[in-house]
Amino acid sequence: MTLAVDNLQVADLVRGVSFEIGAGERVGLIGESGSGKSLTALSVLGLLPEGLRATGSVRLGGRELLDASEKDLSPLRGREMAMVFQEPMTALNPAMRVGRQVTEPFRAHRRRARPAEELLAAVGLPGTARAYPHQLSGGQRQRVVLAMALANDPSLLICDEPTTALDVTVQAQILSLIKTSLPAESSLLFITHDLAVVASVCDRVLVMLDGEIVEHGPARDVLTAPQHAYTQRLLAASDLGATR
């Protein structure tokens, strides 16, 4: 299922952003904090903060999302499209056992639930269904959120800096899970400022600066021979730049 974003505008924070992600594509959206990456993702999901409004066009599988009502969008979230946020505790209920939380997407969409233990074991967390979020480490909580996001095999998965707060070893484990657990036909929009992460996960890269896409192309081309001065600075400051 293709995600098509055309001339997306959010106040003066996101300006004229256009891109497509085809079925099965893994696309990275990179840029520094405040560049408009997260607002772009929230526009796709219809979750912009109060007071902000997106214009332009966002279509998933040919269906326009920007003018859709909350009633129409709610059935799509968690089924056709899902998101993994940077801080897992923003997505988890601290007073609910994680086993019940990972099966919530099935109840929300009135689908037959898979066993919680099965979902948790698939992300490397066997035997944790009765745990509360505070009893798990940051990396374990992020695995729970990933299990929730993947429960209904979404057509589009958006990951917004999902490994930023994790140490290097746990980060590698989460990235491996995303790559191996996401169905081959599902699309991925991976938001990050870490070029090394993009190189390991994504086929194609979009570079965002001050609310605009300033460079895009195959990951190998953008990360080895960037054309825009901003991308060149990002690369020079990254671990990838240090190894060139």
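The values are calculated or read from the model by the stated rules, or taken from the named source; none is laboratory data. These numbers were taken from a predicted model, which means no experiment stands behind them. When we count neighbours, we look across all protein chains shown, and the Cβ atoms used for this are built from the backbone with ideal geometry, even at glycine.
Are there any pairs with C-beta distances below 8 angstrom linking a residue in the stretch 5-20 that is under 9 Å from residue 57 (Cα atoms) to a residue that is among the basic types (Lys, Arg) and exposed (fewer than 14 other Cβ atoms within 10 Å of the Cβ), with the two at least 6 apart or on different chains, and if so which?
If the second residue must be among the basic types (Lys, Arg) and exposed (fewer than 14 other Cβ atoms within 10 Å of the Cβ), no pairs are left.
Criterion first (at pLDDT below 95, in a loop (DSSP other than H, G, I, E, B) and surrounded by 19 or more Cβ atoms within 10 Å (Cβ to Cβ)) does residue 125 satisfy it? Full working, then the answer.
Values: at pLDDT below 95: yes; in a loop (DSSP other than H, G, I, E, B): yes; surrounded by 19 or more Cβ atoms within 10 Å (Cβ to Cβ): yes.
Against the criterion (at pLDDT below 95, in a loop (DSSP other than H, G, I, E, B) and surrounded by 19 or more Cβ atoms within 10 Å (Cβ to Cβ)), residue 125 qualifies.
Between residues in the stretch 135-163 that are touching a residue at least 60 places away in the same chain (Cβ under 8 Å) and surrounded by 24 or more Cβ atoms within 10 Å (Cβ to Cβ) and residues that are assigned to a strand (DSSP E or B) and among the aromatic types (Phe, Trp, Tyr), which pairs lie under 6 Å by C-beta distance while being six or more apart or on different chains?
Hits for this filter: 159/190.
For the stretch 66-93, name all the residues that are crowded, with 17+ Cβ neighbours inside 10 Å and charged (D, E, K, R).
Within the stretch 66-93, 77, 79, 80 meet the criteria.
For the stretch 53-65, how many residues are buried (at least 18 other Cβ atoms within 10 Å of the Cβ) and without any contact (Cβ under 8 Å) to a residue 60 or more places away in the chain?
Adding up the residues that qualify gives 3.
Take the residues of the stretch 157-188 that are within 11 Å of residue 26 (Cα to Cα) and assigned to a helix (DSSP H, G or I): which is nearest to the chain's Cα centre (by Cα)?
In this case the residue turns out to be 178.
Need pairs with beta-carbon distance below 7 Å; first residue farther than 11 Å from residue 199 by Cβ and in a helix (DSSP H, G or I) and within the stretch 216-244, second among the charged types (D, E, K, R) and modelled with pLDDT of 95 or more; sequence gap 6+ or separate chains.
So the pair list comes out as 231/215.
With 34, 51, 24, 28 as the choices, which residue is touching an Asp or Glu at 6+ places or on another chain (Cβ under 8 Å) and either outside any loop (DSSP other than H, G, I, E, B) or not aromatic (Phe, Trp, Tyr) (or both)?
Details: 34 fails: touching an Asp or Glu at 6+ places or on another chain (Cβ under 8 Å); 51 fails: touching an Asp or Glu at 6+ places or on another chain (Cβ under 8 Å); 28 fails: touching an Asp or Glu at 6+ places or on another chain (Cβ under 8 Å).
One residue alone meets the criteria, 24.
Restricting attention to the stretch 226-240, does a residue exist that is modelled with pLDDT under 95, within 28 Å of residue 77 (Cα to Cα) and surrounded by fewer than 20 Cβ atoms within 10 Å (Cβ to Cβ)?
no
For the condition closer than 19 Å to residue 17 by Cα and β-branched (Val, Ile, Thr), what is the one hit in 44, 84, 98? Quick ask: steps written out before the conclusion?
Values: 84 fails: closer than 19 Å to residue 17 by Cα; 98 fails: closer than 19 Å to residue 17 by Cα.
44 is the lone residue from the list that is closer than 19 Å to residue 17 by Cα and β-branched (Val, Ile, Thr).
Can you confirm whether the stretch 2-16 contains a residue that is out of contact with any His (no Cβ under 6 Å at 6 or more places or on another chain), among the hydroxyl-bearing types (Ser, Thr, Tyr), surrounded by fewer than 23 Cβ atoms within 10 Å (Cβ to Cβ) and under 13 Å from residue 189 (Cβ atoms)?
First, pick out the residues of the stretch 2-16 that are out of contact with any His (no Cβ under 6 Å at 6 or more places or on another chain): 2-16.
Remaining after also requiring among the hydroxyl-bearing types (Ser, Thr, Tyr): 2.
Add one more test, that the residue is surrounded by fewer than 23 Cβ atoms within 10 Å (Cβ to Cβ), and what stays is 2.
Filter once more, so that each one left must be under 13 Å from residue 189 (Cβ atoms): 2.
Yes, some residue in the stretch 2-16 is out of contact with any His (no Cβ under 6 Å at 6 or more places or on another chain), among the hydroxyl-bearing types (Ser, Thr, Tyr), surrounded by fewer than 23 Cβ atoms within 10 Å (Cβ to Cβ) and under 13 Å from residue 189 (Cβ atoms).
So how many residues does the stretch 85-109 have that are within 16 Å of residue 159 (Cβ to Cβ), outside any loop (DSSP other than H, G, I, E, B) and either touching a residue at least 24 places away in the same chain (Cβ under 8 Å) or among the hydrophobic types (A, V, I, L, M, F, W, C) (or both)?
The total comes to 1.
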